[in-house]
Amino acid sequence: MRLLTHNMLASNVRGATTGYPLKLEAAKWVTKEVDLNADFIRGLLPKIDWRALVAATRALGLPELLPEEQPPEEEIFAEGAADVEGSAIRRIHHALLEIHVQEGSLVCPDTSRCFPIDKGIPNMMLHEDEV
Amino acid sequence: MPRPEFQAPPDVFYNESEARKYTTSSRIIEIQSRISERALELLSLPNDGVPKLLLDIGCGSGLSGETLTEHGHHWIGYDISKSMLDVALERETEGDLLLADMGQGLGLRPGVIDGAISISAVQWLCNADKSSHDPRLRLKAFFGSLYRCLARGARAVLQFYADNVKQSEMIVTFAMRAGFAGGVVVDWPHSSKAKKSYLVLTCGPPSINTLLPKGKGENGEMCSDDEDDGSSDEDGDKTVGIYERNRSKKRQKTKKNGKGKDWLLKKKEQMRRRGHDVPADTKYTGRKRKTYF
């Protein structure tokens, strides 16, 4: 599971008010390289919950990857930024699309229900009494 | 062969051996990717080369997702069968996979998804595989959560095999109730094998975008042979209910007086609610047989 998906995912257990953001507890994660597409990031950025994304990177033990506050768009999409190693857009791209959580769990903030992640697939199935 | 929906719940039916077919059978692979291509075409995403974030509901082994990847899109796949998702892992699909039941709602933040496709999955919602399942509630939860997670103006294309007209009506009704605009596009309506129904839904109020595209082969043209080698195991074949015959001898005996007309009418109503094809109630319904029968 990439952090992009984690950023979109909310829990719908009975009793959860928003079920968002799910607390990430990662035991194992890997990185896989993906081509950067600035237009995709541009379209995606307004939909990203920055706080949840930063919290997720911290949970993975990467406190340096993203700043607390979202950098201004002009900085992220500055001319040629995509080619500069360590630029904001590169870091965002890396955080969203290149990190794959393999083992761990997602915890609902409202009900503390734990969804295990196995081989990179979160198990979001609910029991009958949780629907 | 009876349709999969009649055999077992999806998480049971798509076991390891069934899932294996989705890597080995070139016929299944070809049909799946052809349907996915068509679904993506009906999704009519803007042709600007910008990748989109899409959903694949009932992604299974990721065959339909591969089509999305080929077009450069990112996708999140939902499936209820662990075995199918294991196959998807083996195939190293690009999308993110989630083990989840679409009848419980999708559990996504509102307005974040650019489009959704689903290949041969929605009809499973019409089945009540557990006593706690109510098809109506499950359809409502599914379409409601789908509507919420899609961005305004985004489309969802859901290919499905309805067992009968009522089932198809039920699916469409719940989609409309969730707020979607759109309807069903039928490709090759005159062919029993190649016929495919796509529920094309648009999020938001009716506009030029919500106009339904035309189905293929609607004006009588026939599909070519290679289109026709369609999925005979998935559509067309109607089967008679065999469950009554398979009951053990002991259970076949009913009480002397039977269960009565009221009980029968209640059961028929129940089956109707689940979208099954049930004969109409007549004066013959639940009538006592003559003794010399």
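Taken as a whole, the condition of being in a strand (DSSP E or B), among the aliphatic types (A, V, I, L, M) and surrounded by fewer than 20 Cβ atoms within 10 Å (Cβ to Cβ) does not apply to residue B:116.
If the condition is being of a type in the set (Asp, Glu), out of contact with any strand residue (DSSP E or B) (no Cβ under 9 Å at 6 or more places or on another chain) and not in a helix (DSSP H, G or I), then segment B:1-58 contributes only B:48. Consider segment A:26-36. How many of its residues are buried (at least 16 other Cβ atoms within 10 Å of the Cβ) and either closer than 16 Å to residue A:102 by Cβ or free of Cβ contacts under 8 Å to residues at least 24 places away in the same chain (or both)? Summing the residues that are buried (at least 16 other Cβ atoms within 10 Å of the Cβ) and either closer than 16 Å to residue A:102 by Cβ or free of Cβ contacts under 8 Å to residues at least 24 places away in the same chain (or both) in segment A:26-36 gives 2. Is one or more of the residues making up segment B:64-78 under 20 Å from the mean Cα position of the chain (by Cα), under 21 Å from residue B:163 (Cα atoms) and touching a residue at least 24 places away in the same chain (Cβ under 8 Å)? No, the conditions are met nowhere in segment B:64-78.
Residue-wise test of (1) of a type in the set (Ser, Thr, Tyr); (2) in contact with a helix residue (DSSP H, G or I) (Cβ under 7 Å, 6 or more places away or on another chain).
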site: B:5; (1), (2): no, yes
site: B:14; (1), (2): yes, yes
site: B:29; (1), (2): no, yes
site: B:32; (1), (2): no, yes
site: B:43; (1), (2): no, no
site: B:62; (1), (2): no, yes
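Scanning segment B:52-63 for residues that are within 16 Å of the chain's Cα centre (by Cα) and either within 12 Å of chain A (Cβ to nearest Cβ) or among the basic types (Lys, Arg) (or both) gives B:55, B:59. Residue by residue through segment A:37-51, note down the ones that are surrounded by 14 or more Cβ atoms within 10 Å (Cβ to Cβ) and within 9 Å of chain B (Cβ to nearest Cβ). Matches in segment A:37-51: A:37, A:40, A:42, A:43, A:44, A:47, A:48, A:49. Of the listed requirements (1) at negative phi; (2) touching a Phe, Trp or Tyr at 6+ places or on another chain (Cβ under 9 Å), residue B:33 misses just one: (2). Picking from residues in segment A:1-31 that are part of a loop (DSSP other than H, G, I, E, B) and in contact with a strand residue (DSSP E or B) (Cβ under 6 Å, 6 or more places away or on another chain), the one that is nearest to the other protein chains (Cβ to nearest Cβ) is A:1. Answer yes if at least one residue in segment B:50-71 is surrounded by fewer than 23 Cβ atoms within 10 Å (Cβ to Cβ), at pLDDT below 95 and of a type in the set (Gly, Ala, Ser), and no otherwise. Checked segment B:50-71: no residue is surrounded by fewer than 23 Cβ atoms within 10 Å (Cβ to Cβ), at pLDDT below 95 and of a type in the set (Gly, Ala, Ser). Here residue B:41 meets the list (1) within 21 Å of the chain's Cα centre (by Cα); (2) at the interface with chain A (Cβ under 8 Å from one of its Cβ atoms); (3) surrounded by fewer than 17 Cβ atoms within 10 Å (Cβ to Cβ) almost entirely, failing just condition (2). Screening the candidates B:79, B:86, B:101 for the property of being of a type in the set (Asp, Glu) and closer than 18 Å to residue A:130 by Cα yields one hit, B:101.
Being under 19 Å from residue B:52 (Cβ atoms), over 12 Å from the mean Cα position of the chain (by Cα) and either within 14 Å of chain B (Cβ to nearest Cβ) or at pLDDT 90 or above (or both) is a property that residue A:34 has. Among the listed residues B:150, B:146, B:158, B:125, which satisfies the condition of being crowded, with 24+ Cβ neighbours inside 10 Å, closer than 16 Å to residue B:80 by Cα, touching a residue at least 40 places away in the same chain (Cβ under 8 Å) and away from every other protein chain (no Cβ under 11 Å)? Just one listed residue meets the conditions, B:125. Among the residues of segment A:52-85, those that are surrounded by fewer than 19 Cβ atoms within 10 Å (Cβ to Cβ) and in a helix (DSSP H, G or I) comprise A:55, A:58, A:59, A:73, A:74, A:75, A:81, A:82, A:83. Every condition in (1) more than 13 Å from chain B (Cβ to nearest Cβ); (2) at pLDDT 90 or above holds for residue A:81 except the one numbered (2). Checking every residue in segment B:87-110 against the condition of being under 25 Å from residue B:196 (Cα atoms), more than 16 Å from the chain's Cα centre (by Cα) and within 12 Å of another protein chain (Cβ to nearest Cβ) gives at least one match. Condition (residue is assigned to a loop (DSSP other than H, G, I, E, B) and out of contact with any Lys or Arg (no Cβ under 7 Å at 6 or more places or on another chain)) applied to segment A:86-102: is it met by at least one residue? Yes. Scanning segment B:128-137 for residues that are facing chain A (nearest Cβ under 9 Å) and outside any loop (DSSP other than H, G, I, E, B) yields one hit, B:137.
The values are calculated or read from the model by the stated rules, or taken from the named source; none is laboratory data. Note that this is a predicted model, so its numbers are computed, not measured. Cβ coordinates were reconstructed from backbone atoms using ideal geometry, including for glycine residues, and neighbour counts include every protein chain displayed.
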